[in-house]
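Only one structure is covered here, and it is reproduced in the block below.
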Amino acid sequence: MKIAVTYENEQIFQHFGHSKQFKIYNVEDKKIVSSEVVDTNGSGHGALAGFLKEHKVDTLICGGIGGGAKTALANADITLYGGVSGNSDEVVNEFLSGKLQYNPNIECSHHHKGEHNCGNNGCGEHSCK
């Protein structure tokens with residue numbers, strides 16, 4: 001199993017489509033065996049699903065995410081756990097132990113003029129549901 005998290009400064013980055021890095025975890029028998037931080041090299045929104053598929057990711061944990069990106073992930077057979085925040089290593093361990101708290105219905109619609117934080121539903125000029 002390969003799990004990716006949207007990543008910035010050891011935390012779950014809160015806007016999937018603007019992720020500059022992912023931390024990808026290789027998992028065997030519900031244990032992390034290795035991890036690496038990979039740069040997206042400017043890929044955005046829909047292209048990120050392909051980027052994750054190329055890295056053989058099957059599970060994504062993130063903060064906020066829009067409808068188009070959710071569809072792209074589903075089409076790439078990547079399972080999504082959205083609406084998550086916190087330290088990336090701790091979050092992945094919570095996931096592996098079956099204790100991850102997430103929002104299966106997370107979806108952000110964006111009309112932004114600045115930074116926002118979808119994972120905490122404090123989205124400024126757009127909404128996360």
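Going by what's in this entry, would ALA69 be described as of a type in the set (Gly, Ala, Ser), touching a His at 6+ places or on another chain (Cβ under 8 Å) and over 14 Å from ALA4 (Cα atoms)? Walk me through how you get there before you give the answer.
Details: of a type in the set (Gly, Ala, Ser): yes; touching a His at 6+ places or on another chain (Cβ under 8 Å): yes; over 14 Å from ALA4 (Cα atoms): yes.
For ALA69, the condition - of a type in the set (Gly, Ala, Ser), touching a His at 6+ places or on another chain (Cβ under 8 Å) and over 14 Å from ALA4 (Cα atoms) - is met.
Of all residues in region 1-29, those satisfying the criterion of being open to solvent by 10 Å² or more (accessible area, probe 1.4 Å), part of a loop (DSSP other than H, G, I, E, B) and touching a residue at least 24 places away in the same chain (Cβ under 8 Å) are MET1, GLU10, PHE13, GLN14. Those residues that are of a type in the set (A, V, I, L, M), surrounded by fewer than 20 Cβ atoms within 10 Å (Cβ to Cβ) and closer than 13 Å to LEU100 by Cβ, I need them from region 59-83; list them, please. Hit for region 59-83 is LEU80, nothing else. The number of residues in region 30-41 being part of a loop (DSSP other than H, G, I, E, B) and free of Cβ contacts under 8 Å to residues at least 12 places away in the same chain comes to 1. Scanning region 36-54 for residues that are open to solvent by less than 60 Å² (accessible area, probe 1.4 Å) and touching a strand residue (DSSP E or B) at 6+ places or on another chain (Cβ under 6 Å) yields VAL38, LEU52.
The values are calculated or read from the model by the stated rules, or taken from the named source; none is laboratory data. Since the structure is predicted, the reported quantities are computational estimates derived from the model, not experimental observations. Note that each Cβ is placed from the backbone with ideal geometry, even for glycine, and that neighbours are counted across all protein chains shown. Keep in mind that these areas ignore ligands, DNA and RNA; they rest on the heavy atoms of the full protein, side chains included. Shrake-Rupley method; radii C 1.70, N 1.55, O 1.52, S 1.80 Å.
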